[in-house]
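Peer 1: Could you have a look at this structure, given as structure tokens, before my questions?
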Amino acid sequence: MMNKLFLLALLFSFQFSFSQDLLSMLETDDNERKITTSIFKDNRIVNAQSSKQTAKGEFKFLIQHRFGTLNSGFYNLWGLDNSQVRMALDYGLTERISLSGGRSSTNKQFDASVKWNILRQSNSFPFVLSAYSSVFLIHPSESKREEANFDLLNQITFSNQFIIARKFSSNFSAVILPTHIHLNSFEAGTSADPLFIGLGGRYKVSKKISVNGEYFNALSEMKENHVNMLSLGVDIETGGHVFSLHLSNSRGMNEHAFLIETQGEWLEGDIYFGFNISRVF
């Protein structure tokens, strides 16, 4: 574990030490550079982060909704009788830094995050590089808090992620998402600091519609019933809104939930239908 923490600390120190030098080399003359835009149309691909930032001074309100599994049958109307919701508000602090806070009904979990765009894709640089960090707190029930061995710190989880994205053509963009999670509470035989590699993509099929996908593979020892997250969706732009319809084997909608808690098997019908809708103010 110490080796992983040392590696992560080294990566972040390298990032902070050299980012300003890189920015000065790559952005010396904005008039000669053409920044690549519309790599992704929303801040999230489905569940995972994309390279898009909330613009400076803007607020973005996000509602994420997940129904139950499709294999729950007619009695539950194939999952439509059950639902989970996450609501969040993003704010563009600067052109490169955005802040976010949200709450999920799943586990009554609060989250807060910061996203920092370090490098931009342009005619002089081939990809976007951003850093994303978040913290999650499960709101314990009263009965949970009254347990003798209760510790609030065990309800807290952290995540760190690099977002490496590139727009290959006017229609196709892709992203790589190396991710680290730190768990204050974890099962015996599993890692307290699991690592993941995520892949995502967007293919534009018309001016207002795109098809998105994302997949995360665990690189560390996970609990026995853990399943890697896979999501597929369609984004529809409608003025100031982006409306996303999708299918996923994850019920959770933040990094702790969809990386650590996913158990659904696509081939067994453990698929959650849902939608995201975001609005810029």
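The values are calculated or read from the model by the stated rules, or taken from the named source; none is laboratory data. These figures come from a predicted structure and were not determined experimentally. When we count neighbours, we look across all protein chains shown, and the Cβ atoms used for this are built from the backbone with ideal geometry, even at glycine.
Peer 1: Is it the case that the stretch 104-112 has a residue that's among the hydrophobic types (A, V, I, L, M, F, W, C) and modelled with pLDDT of 95 or more?
Peer 2: Scanning the stretch 104-112 turns up at least one residue that is among the hydrophobic types (A, V, I, L, M, F, W, C) and modelled with pLDDT of 95 or more.
Peer 1: If you don't mind, there's one more thing I want to ask. In the stretch 128-160, how many are of a type in the set (S, T, N, Q) and closer than 20 Å to THR106 by Cβ?
Peer 2: Adding up the residues that qualify gives 7.
Peer 1: Which pairs do you get when a residue that is without any contact (Cβ under 8 Å) to a residue 40 or more places away in the chain, found in the stretch 181-198, comes within reach of a residue that is part of a strand (DSSP E or B) and surrounded by 15 or more Cβ atoms within 10 Å (Cβ to Cβ), reach meaning Cβ atoms under 7 angstrom, with the pair 6+ apart or on two chains?
Peer 2: Once the first residue is without any contact (Cβ under 8 Å) to a residue 40 or more places away in the chain and sits in the stretch 181-198, its partners that are part of a strand (DSSP E or B) and surrounded by 15 or more Cβ atoms within 10 Å (Cβ to Cβ) give HIS182/THR157; HIS182/PHE158; ASN184/ILE156; ASN184/THR157; ILE197/PRO178.
Peer 1: Return the residues of the stretch 146-197 that are touching a Leu at 6+ places or on another chain (Cβ under 8 Å) and either on the phi > 0 side of the Ramachandran plot or among the charged types (D, E, K, R) (or both); say none if nothing qualifies.
Peer 2: Answer for the stretch 146-197, where residues must be touching a Leu at 6+ places or on another chain (Cβ under 8 Å) and either on the phi > 0 side of the Ramachandran plot or among the charged types (D, E, K, R) (or both): just ASP193.
Peer 1: Right, here's the next one. Which of the residues belonging to the stretch 102-119 are β-branched (Val, Ile, Thr) and either part of a helix (DSSP H, G or I) or under 17 Å from LYS60 (Cα atoms) (or both)?
Peer 2: Those that are β-branched (Val, Ile, Thr) and either part of a helix (DSSP H, G or I) or under 17 Å from LYS60 (Cα atoms) (or both): THR106, VAL114.
Peer 1: Select from the stretch 56-82 the residues that are free of Cβ contacts under 8 Å to residues at least 60 places away in the same chain and under 30 Å from ASN160 (Cβ atoms) and write down the one among them that is surrounded by the fewest Cβ atoms within 10 Å (Cβ to Cβ).
Peer 2: That would be GLY57.
Peer 1: Scan ASP193, ASP151 and give me the residue that is in contact with a Lys or Arg (Cβ under 6 Å, 6 or more places away or on another chain) and either over 27 Å from ASP235 (Cα atoms) or among the small types (Gly, Ala, Ser) (or both).
Peer 2: On inspection, the qualifying residue turns out to be ASP193.
Peer 1: Please find, among VAL242, VAL211, VAL234, VAL175, the residue that is in a strand (DSSP E or B), modelled with pLDDT under 95 and of a type in the set (Val, Ile, Thr).
Peer 2: VAL242
To keep it simple, each residue is scored yes or no on (1) in contact with a helix residue (DSSP H, G or I) (Cβ under 6 Å, 6 or more places away or on another chain); (2) over 23 Å from SER159 (Cα atoms); (3) of a type in the set (Gly, Ala, Ser); (4) not in a loop (DSSP other than H, G, I, E, B).
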| site | (1), (2), (3), (4) |
| --- | --- |
| THR37 | no, yes, no, no |
| PHE40 | no, no, no, no |
| VAL46 | no, no, no, no |
| PHE61 | no, no, no, yes |
| HIS65 | no, no, no, yes |
| ASN71 | no, yes, no, yes |
| TYR75 | no, yes, no, yes |
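Peer 1: Taking into account only those residues within the stretch 103-130 that are charged (D, E, K, R) and surrounded by fewer than 19 Cβ atoms within 10 Å (Cβ to Cβ), which is farthest from ARG166 (Cα to Cα)?
Peer 2: LYS108
Peer 1: Which number in (1) at pLDDT 95 or above; (2) within 15 Å of SER130 (Cα to Cα); (3) touching a Leu at 6+ places or on another chain (Cβ under 9 Å) marks the one condition that SER19 misses?
Peer 2: Of everything listed in (1) at pLDDT 95 or above; (2) within 15 Å of SER130 (Cα to Cα); (3) touching a Leu at 6+ places or on another chain (Cβ under 9 Å), SER19 misses just condition (1).
Peer 1: Against the conditions (1) crowded, with 17+ Cβ neighbours inside 10 Å; (2) part of a strand (DSSP E or B), where does VAL85 fall short? Just the number, please.
Peer 2: (1)
Peer 1: So, one more: Could you identify the single residue in SER169, SER206, SER191 that is in contact with a Ser or Thr (Cβ under 7 Å, 6 or more places away or on another chain) and among the small types (Gly, Ala, Ser)?
Peer 2: SER191
Peer 1: Does HIS226 fit the bill of being farther than 15 Å from THR262 by Cα and not hydrophobic (A, V, I, L, M, F, W, C)?
Peer 2: For HIS226, the condition - farther than 15 Å from THR262 by Cα and not hydrophobic (A, V, I, L, M, F, W, C) - is not met.
Peer 1: Does at least one position in the stretch 83-91 carry a residue that is polar (S, T, N, Q), under 27 Å from GLU268 (Cβ atoms) and touching a Phe, Trp or Tyr at 6+ places or on another chain (Cβ under 9 Å)?
Peer 2: Yes, the stretch 83-91 has at least one match.
Peer 1: Give me the pairs, please: first residue somewhere in the stretch 223-237 and buried (at least 16 other Cβ atoms within 10 Å of the Cβ), second residue anywhere and of a type in the set (Phe, Trp, Tyr) and in a loop (DSSP other than H, G, I, E, B), beta-carbon distance under 9 Å, and either six or more positions apart or on two chains.
Peer 2: ASP235/PHE40
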